[in-house]
Structure formats: C-alpha cells, structure tokens
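My questions all concern the structure below.
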Amino acid sequence: MFALHKNYFYISILLLSSSPLISEEDPYIFIDSNAQKMVQVLIENKDLFSKDREAYEDKIKEIFDPMIDFRRVAASVMGKKYYQASTPQQRRDFVAIFRNSLLDTYAETLAQWGDQSINTIPGKDDWSGLKSMEVKQMLDTGSSKYPISYKLRRSNNQWMIVNIVVNGVNLGLTFRNQFQALANNHNGDIEMILKNWISDAGDAGIDG
C-alpha cells in the first residue's frame, strides 16, 4: 500500500478548506483568504476533537467539501480504464469513499496544528480567460518552509481544486498509484478495490 505523507496531506488540505462563496473571484484571493479562514477555525475549535469527534468532523466537512472537485479528482485517480469499466454506482461509491478518506485523515491530524504562517506567492496578473491554472503558497512552520502548489480548474465561473503538490509530493499521483496497486492486487475487481481502499498516512517529518 502506498503511504500518504500524513503531515503533507494534512497541511495541503488545511490550506484549501473554505466556503465556496468567493470562488468566482481572483483565484489567488480564493486560496489565500480561505487558508486564513481555516487557520482561524482550527484555533477556535482546537479542543473539540477530543471532546466530540463527530461534531469536529462536521465542522471540517462543512468548510472542506465545497472546495474540492471530488468527481473530477476521483475520476483521475481511477484512471480512464477503470473509470470506463466501472458502473455509475461504483463511481459514486468511490467518490464517497475517497471523500471520507480525506476527511478521516484530516480530522485525525488537525489537533497537531499550531500557529503557522501561510503566504501566497503572486502570479499571473490576467487569469480571466483561463480555465485552469496553478496557485502557489509557502508554509512557514518557524523552523522550515514548505512550498505548496494547487492546480485549479474553473467550471461555471467557479474555481475548484483538482490537485495538490506539497513539497514535491503529488497527492493526485499518490492516490492514483494507490488505486493502481489495489487494482493489481485484486485483478482489476473494482468492488474489491473499493472495499480495500484506505488512506495509510505516514509521518512526513514536518515539525512545527
């Protein structure tokens, strides 16, 4: 099983979580303002994880779900071969499983977060005609700095996240490799892939 780097994964999701209300605006503002909002949410609810985990995860889901284009990302993770071979119900099931794996890993690592600095790197001045683009940020933990890269795609005037690269770790590719490994282990049986899907998070060694 391919191990997801736990802190890389957590940090990347942290920086992306927000409400969709400003997603039609400047994509740099979209990323930056939502990163700051999420930091504030973590500060205000840092004790809730140990007291009421379900309520804690509900708060995460409320602000996180609208940010990611789960359908597009899940289809990319499955790859053309398995996406076309799957039934509509299997596709819906994988989107749900994929979403839950992100939320579960995210919720388990939030309690470790401290006060950090997040800075958005200026980019294109004119993005109005673009359907996809990249926005970069730098995470400063105080002892180390980590580059974050977001692939955004605009659909119906709404920016959505379709991939994340954290300190060189391509999360979309990592998930895709995990799916392929399961497919190889189960002779391409999609039901077995769904049944055995997990996010095996490891320690990335990022210290606050």
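Quick one: order S117, S33 by neighbouring beta-carbon count within 10 Å, fewest to most.
S117, S33
List K124, K51 from most exposed to least, where exposure is judged by having the fewest other Cβ atoms within 10 Å.
Placing the least packed residue first, the sequence is K51, K124.
Could you tell me the calculated FRET efficiency between M133 and D65, based on Cβ-Cβ distance and R0 = 25 angstrom, to the nearest 0.05?
0.70
To continue, here is another question. If I stretch the segment between Q40 and E191 completely, what's the gain in nm (0.36 nm per residue apart, minus their alpha carbon distance), one decimal?
Going from the current span to full extension adds 50.4 nm.
D26 to R153: FRET efficiency via 1/(1 + (r/R0)^6), r the Cβ-Cβ distance, R0 25 Å, to the nearest 0.05?
Approximately 0.95, to the nearest 0.05.
Which three lengths, in whole Å and largest first, does segment 132-190 cover when its Cα atoms are put on their principal axes?
Over segment 132-190, Cα extents along the principal axes are 44, 39, 12 Å.
With labels modelled as points extended 7 Å from the Cα through the Cβ direction, what inter-label distance (nm, one decimal) is found for I97 paired with A181?
1.5
A follow-up question, please. Net charge near I63, counting Lys/Arg +1 and Asp/Glu -1 over other residues with Cβ under 14 Å of its Cβ?
-1
What order do you get for K37, K131 when you list them from fewest to most C-beta neighbours inside 10 Å?
With the fewest neighbours first, K37, K131 line up as K131, K37.
Every read-out reported here was derived from the displayed coordinates using simple, explicitly stated rules and does not represent laboratory data. Note that this is a predicted model, so its numbers are computed, not measured. Glycine gets a Cβ as well: all are built from the backbone with ideal geometry, and neighbour counts include every protein chain shown.
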